[in-house]
Amino acid sequence: MRLPSIGTLMRIPGVDKATAKLCREVMATRDDRGLRELHLALFKDTIRWVNSCYNPPSKSEIRMSMLNDLLGGHGVECIDQQDDWSSYEDGPRWEYVSMGDTYALTIVRDNERDTYRVCSWGDIAEKMED
């Protein structure tokens, strides 16, 4: 799995070195136990959301929600190339933390390649149009 470096994560406005390290820790954690052992006091919104779900969210959804908590984002959203939304067995192609601006730097997860990157979701949407 490819993860952004601490320095790259610090390019996101408002992200200091400690927050960047926590973001990498969240992205790198692969098991449920590891996610639960992370600093739970920082993820109150994620814990509240998970506890309210009838069906448990996926690990990827939980990680993205935790990243949203760390970045102070406006929720997790997705973009995809498909016109047919009925074939979402594996979920959307890209998920990102919404920072309130199409071209604001954020963390974007490519579910197809199992990678994370720092970019704007607007840049991805423009490439999809080509």
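Here are some notes:
- Among LYS44, LYS21, sorting on how many other beta-carbon atoms sit within 10 Å of each Cβ, with the fewest leading, yields LYS44, LYS21.
- Qualifying lysines (Cα of each under 22 Å from Cα of LYS21; at least 8 residues distant if same chain): LYS44, LYS59
- Residue order for TRP121, TRP49, TRP94, fewest other beta carbons within 10 angstrom first, comes to TRP49, TRP94, TRP121.
- As a rough footprinting exposure proxy, the listed residues ASP114, ASP45 were ranked by other beta carbons within 10 Å of their own, and the order from fewest upward is ASP114, ASP45.
Each reported figure results from applying straightforward, stated rules to the coordinates on display, with no laboratory input. Fair warning: this is a prediction, and the values are worked out from it, not measured in the lab. Cβ coordinates were reconstructed from backbone atoms using ideal geometry, including for glycine residues, and neighbour counts include every protein chain displayed.
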